[in-house]
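Q: The following block contains the structure, expressed as structure tokens.
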Amino acid sequence: MSREHLSTDIARHIWDTKYRYRHAQEIYDHTIEDTWQRIARALASMENTDQAIWEQRFYDALEGFKFLPGGRIQAGAGTGRRVTLFNCFVMGVIEDSMDSIFDNLKEGALTMQQGGGVGYDFSTLRPRGTPARSTGTVASGPVSFMRIWDSMCATLLSTGARRGAMMATLRCDHPDIEEYVTAKQQRDELRHFNLSVQVTDEFMQAVRDDAAWALVFPAHELGKGNGADDGTVLRRWPGTSEPVTCRVLRRISARALWDHIMRATYDYAEPGVLFVDRINRMNNLWYREHITATNPCGELPLPPYGACDLGSINLARFVRAPFSANAKLDFDGIRATATIATRMMDNVIDLSQFPLPRQAEQAHGSRHIGLGLTGLGDALIMLGLHYGEQAARDLAARVMQLICHTAYATSVELGAEKGPFPWFNKEAYGRAEFIRMLPQEIRQGIAENGIRNSHLTAIAPTGTISLLANNVSSGIEPVYDYCYSRRVLEADGSYAVYTLTDHAYALWQQQGGHGALPRQFVEATALPPLAHLDMQAALQPFVDSAISKTINIPEHYPFDEFRSLYELAFDKGLKGCTTFRPNPVTGAVLAPEETAQDTRAPHCCSIEREAD
């Protein structure tokens, strides 16, 4: 293996155990360069012409970890294995019947078996205690069925399959919402799920008005005389194209429910919150999709059977003259890499296999990709910028704007060359709110040539691939710590403990740094929570999907201030919010010394839950 590129023990371990191609005892990737060549050749094979030229360009983007494709791409491209190259899926609508429930369970198992993380909306399942229309049996509620999924995931893990990652969502007006909110407060409950609540604009207004809030379910699913009856309302329900009549089963205080959600996530780090109306309002495919679920880490709101391949530009590789008065970011290099990365990720769609035919149909119909960034925290440090200050947010926004506009311009060119995505509707797509915010020349290009991909940007947590790139800071996050120990899952299910040194800190030391760290070396837990939120808000205008971001909360942070963070997230235009405060069930996101005997449940955005 190449020590020049893999300069840390953890990078060599990650490559060897996750992304190095071997079959039985035969090794095909002898070096990381072989891995890059394999990926480049496989993706270039999707080109109609000049495959050798594109292979070299793709290799150049991969070399030195400038562009980091999602883990499934790195592990599977060019291997000939029957696996998906997509990290993330949202599964189909679960109808309220045993046939549908277990059909969906099977589909989830097949998807995870091939390496995909999955998301589900469980809102379609009847609330606990309501009788079935046909059999007269009493419903046990969504949470009880989630336990079946959790057991399935655990069983798959016991067979040696990749670790499972699942997201569950539930509507804020589902009658079982209170049970759902507290479902993970026991150490052994739903450990393979991340949980999020679908929060609507109407609910947020009711919270602020201290109004009553109706908990409802579709009347046609309940049947006549089934359950309490406190009037009806019209609501858009999963699996329906128009609002349906829903029976009000209970009314509670909106503010009390909001406090219930906030107290749960303050004490136990879950559930997260999805601002689902904004997600749908800002969806480029608003004219044919209704979204109620996301992938496991929340950066990809997707419709039923939606899928997305991910990739990240490593900003740490584009800092010139780091730690000097002349330190600067190579914007031209970022632009060139984003151009090539967009084409590579588009080719992933045609190269990949899919666990289910409907996933293939959705992926080919929308050609949804998610290009983002990683290494932001390290890049800011190398440039002398403090993560929590306005100058850092301004630079980060400028970079994400460049990535976004470059990806869209490239996709317009690909649309002219290869054809627009099949579900492109020029008039409707042009009216999408996000599209209307793009520069005039891009919008004009879309009108004239179409566009190859419906969506182009997302910011993933990138935990594993950032370790592969010699422990650069992951995704949009600040540096967690500069030296610490971390447990890493081995192929046999055991854990190994590695001592990790942050990339920027190691470089500073190599350049002669010693003594007190410069002020830009700020750790995630030393930043005020609002600094995390403001960075996420600064980048969201240039992300057409969403952003996976954990807002670190000090253990003794006042609850009232904590609760206000979520309301600020809503006001600042975010699509969701996830926080983490140390607690007795999940412990800490990382710890300076994590031992192999540590059995705490992993946090939603850690590499133990991330879909690589």
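Values in this text are rule-based calculations from the coordinates and carry no lab data. The model shown is predicted, which means the values in this text are computed figures rather than measured ones. Note: ideal-geometry Cβ built from the backbone for every residue, glycine included; neighbour counts use all protein chains shown.
Q: Highest mean first, how do 363-369, 398-404 rank when packing is the count of other Cβ atoms within 10 Å averaged over residues?
A: Values: 363-369: 24.0, 398-404: 20.7.
The packing order, highest mean first, is 363-369, 398-404.
Q: Nearest 20 debye, what's the magnitude of the dipole of region 390-503 about its Cα centre given +1 on Lys and Arg Cβ and -1 on Asp and Glu Cβ?
A: On the way: 10 positive and 12 negative charges, 59 e Å.
Dipole magnitude for region 390-503 comes out near 280 debye.
Q: Could you give each residue of region 190-200 its phi-based ³J(HN,Hα) in whole Hz, using Karplus coefficients 6.51, -1.76, 1.60 with θ = phi - 60°, and x for Gly or Pro?
A: Ordered by residue, 3J(HN,Hα) equals 6, 6, 9, 10, 9, 10, 9, 9, 7, 9, 9 Hz.
Q: Kindly provide the GluC sites (Glu not before Pro) of region 507-562 that DSSP labels as loop, not H, G, I, E or B, and whose Cβ sees at most 13 other Cβ atoms within 10 Å.
A: Here the GluC sites (Glu not before Pro) that fit, given the DSSP loop and packing criteria, are Glu555.
Q: Now for a different question. Near the amide H of Leu500, under 5 Å away, which other amide H atoms are found, from residues 5 or more places off or on another chain, if H is placed in the peptide plane?
A: Tyr484, Ser485, Arg486
Q: Among the lysines, select those whose C-alpha is under 30 Å from the C-alpha of Lys426, and discard any that sit fewer than 8 residues away in the same chain.
A: Lys418, Lys572, Lys575
Q: Considering region 88-281, what Rg and Dmax in Å follow from its alpha-carbon atoms?
A: 16.7, 51
Q: Please sort by residue number the chymotrypsin sites (Phe, Trp or Tyr not before Pro) in region 1-103 whose DSSP state is loop and whose Cβ has at most 14 other Cβ atoms within 10 Å.
A: Values: sites: Trp15, Tyr19, Tyr21, Tyr28, Trp36, Trp54, Phe58, Tyr59, Phe65, Phe67, Phe86, Phe89, Phe102; in loops: Tyr21, Tyr28, Phe86.
Taking region 1-103 and a limit of 14 other Cβ atoms within 10 Å, the loop chymotrypsin sites (Phe, Trp or Tyr not before Pro) found are Tyr28.
Q: Assuming 0.36 nm per residue, please report the length gained on full extension of the stretch Leu568 to Gln444 beyond their Cα-Cα distance. Walk me through the numbers on the way to the answer.
A: On the way: separation 124, 0.36 × 124 = 44.64 nm, distance 3.46 nm.
Between Leu568 and Gln444, full extension yields 41.2 nm more.
Q: Then there's this: Can you give the relative contact order of the chain as a percent, counting alpha carbon pairs under 8 Å and 6+ residues apart?
A: 16 percent
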